[in-house]
1. Listed highest first by mean packing, meaning other Cβ atoms within 10 Å per residue, what order do C:290-301, C:192-203, B:69-80 come in?
2. Size of the dipole of chain C about the Cα centre, Lys and Arg at +1 and Asp and Glu at -1 on the beta carbon, nothing else charged, in debye to 20?
3. How big is chain B on each of its three principal axes, counting only the C-alpha atoms and giving the largest first in Å?
4. For the range C:185-285, which semi-axes, largest first and in whole Å, follow from the square roots of 5 times the eigenvalues of its Cα gyration tensor?
5. Please list 3J(HN,Hα) in residue order for the range A:149-163, calculated via the Karplus relation 6.51 cos²θ - 1.76 cosθ + 1.60 where θ = phi - 60°; whole Hz, with x for glycine and proline.
6. Which value, to two decimals, describes the C-alpha radius of gyration of the range C:58-215 once divided by 2.2 N^0.38 Å?
7. Loop sites only, by DSSP: take the chymotrypsin sites (Phe, Trp or Tyr not before Pro) in chain A that have at most 16 other C-beta atoms within 10 Å and name the longest stretch containing none of them.
8. Given only helices, namely DSSP H runs of n ≥ 4 each adding -39500 (n - 2.57), what is the per-residue ellipticity at 222 nm of chain A, to the nearest 500 deg cm²/dmol?
Amino acid sequence: MSWLSLPQITFLALSAMALVSGVLVITRRNAIHSVICLIVTLFSVAGIFLLTHAEFLFAVQIILYVGGIMVLFLFVIMLVNLDVAAKQAQFSSHWLVAVLTAGALTAELAYGIYLGRQEFKPSTPPAFILPINNTRGIAVGLFQTYTLPLEIASLLLLVAMVGAVVMAKRKFE
Amino acid sequence: MIPVSWYLYLGAGLFTIGTIGVLTRRNVIIILMSIELILNAVNINLVAFSQMFHSVDGQVFAIFVITDAAAEAAVGLGLIIALFRNKETVNADEIDLLKW
Amino acid sequence: MNMLNTVTQFLLAHPLIFATIKILIVFNVMSAVLMYIVYMERKVLAFMQARLGPMRVGPWGVLQALADPIKLMLKEDIVPAGADKALFLLAPVISVAAAFTVFSAIPFTSSFIISDINIGILFILAVSSLGIYGIILGGWASNSHYPLLGALRSAAQLVSYEVAGGMAIVGVLLISNSLSLRDIVLKQQQMGVWNVFIQPVGFFIYLVAAIAETNRSPFDLPEAESELTAGFHTEYSGFRFSLFFMAEYTAMILVSCIAVTLFWGGWLRPFSSIHALDFLDYTPVIVFLAAAVAIVLGARKNPVPMEKVVLFAIAAAFVLLGMALAIPVVAAAISGIFWFSAKVFIFLYAFIWYRGTFPRYRYDQLMNLGWRVMIPLGLANVIVTAALSYYLTHQAVSAAAPVMMGR
């Protein structure tokens, strides 16, 4: 095995952390421990984004996912009383079938990636790579090329916000 | 240089873990968290290909995936709160009023 | 000179060692400043309330800043029964780590920044939003309802005012065209005017958001002692409480540093582009001499002779320092860090002033202010700034339009 370069070692460390804490997420009895493990996973994924020079996405992942969505999960877990749930059986009775099926899916995916591992290069090399930084590139992409999906996404967020408030409100009869 | 296939293996691994979580656990909140794992696996794939093609499209798509994940988590958690208020449980097996 | 050259070459060739040295300097200086901010707060609040504050430990209570940490470290470490032990231990660590990590992106002077990342502002927003976890987990792990309520209220308040603070920052970004903090200050230097005069509404929104983010008065309902029995850190004692305490004051110093960098010109001297006012370069000299005169005037009537001697010695040291700073070479070298520190201290004094002056906001008034006043004001600020910057510079639709990497 030839020496791994520092980016490769970093990638292996981050992916090991992501996979291990991913397994911990789905196996913890206490929901708050699952949330903490998911936060670790999200941090590792953000680190992997940073390794691919996608630094804007690294910041967005931490601000939105870790700083927003996970706080929302924690709030709901604290408002909902999970003491009873922690004493019940955690895994459904057909867990073996589920694991085998998912394992078969993964084996197929991994085999497919293994067969095609030499083919992952662009068919035509890029004509030129502009030296603008990642944030500026994403800004051009979001606001000029993909403006319509951006507007639809903002509408989706508005609908989700209104829907969540309506559903979680107490009905004053 | 990190080969692109390594990112794809990691994406496949996280996707599997998320799928097992969705199919196996009874606690609805943990099921939602496993869905977030699946979405992160998709994001890793998108960003890996964005680096391979030197294009920013993959990262823009990943931003949209994160946005949708936020919307879906908000709505899902609102549903869980409404559900808990009615039935005092977050166990997916006990929510079976519509079963025949 | 040759020695300096070799040292510089070595440091530039090994960036990790250089960064480690800078981190050690910033961490130690910040810890010392932190302890003295606590002392300054007690003294300033005391003078505002017509009393004297700490006076016993050392001359004018100066050594109180050392006595308090020692006392907290020697206290008994209590973990409440039924508390989730791992989370209970983890929560203060998260708060302190998140607070201290943000210092790595702040430019203290034009050449001293631990790491000048090109997404500086986003990094600061991201890492400072991690402090919420310390609060939530601390409240949850205490297994008691007052901390839980305080934690949930505090977390909701922090999340709400983060949105408003972010929008205030967007106005500054529209002017500076860059996310890197060093570039923002350099742009202010190039424009010749500080951002606060171009974005007064943005600065006001950021200030309010900063006070709410750090749980300071008048937004300190979740942790005020007369309200929820000290909120999320009720069950913490001894060293863990001192970690939460450190995290709060570090966050206070941090938001002051960020406000100074974004709005008040960072390390720039006031009127740095007007050369007729270059005599302002000697302000450090005047400040130190004035401080020495104030100490001498205050120490004349001190009854304890030992304290009198110490205070006169400190005044003499200040006079020597002032005279050393009058040398033009030294004045030029120290100008950046002096002006940065002076502005940050003015902000910290303002924070303490608000604590002594304003009554506390009730929780629903606080959330109302955040969502229904600050966020629309922030949005209006962004829209007006964007429109004005387009019409004044015609740079929005620039030639950058069709460029995308690889297309």
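1. Output ranking for C:290-301, C:192-203, B:69-80: B:69-80, C:192-203, C:290-301.
2. It works out to roughly 560 debye.
3. Principal-axis extents of the Cα atoms in chain B, largest first: 52, 23, 22 Å.
4. 37, 16, 10
5. x, 5, 5, 5, 5, 5, 5, 4, 5, 4, 4, 5, 4, 5, x
6. Normalised Cα radius of gyration, the range C:58-215: 1.29.
7. Longest gap between qualifying sites, sites excluded: A:4-119.
8. -21500 deg cm²/dmol
Values in this text are rule-based calculations from the coordinates and carry no lab data. Note that this is a predicted model, so its numbers are computed, not measured. In this analysis, Cβ positions are derived from the backbone assuming ideal geometry, glycine residues included, and neighbour counts consider all displayed protein chains.
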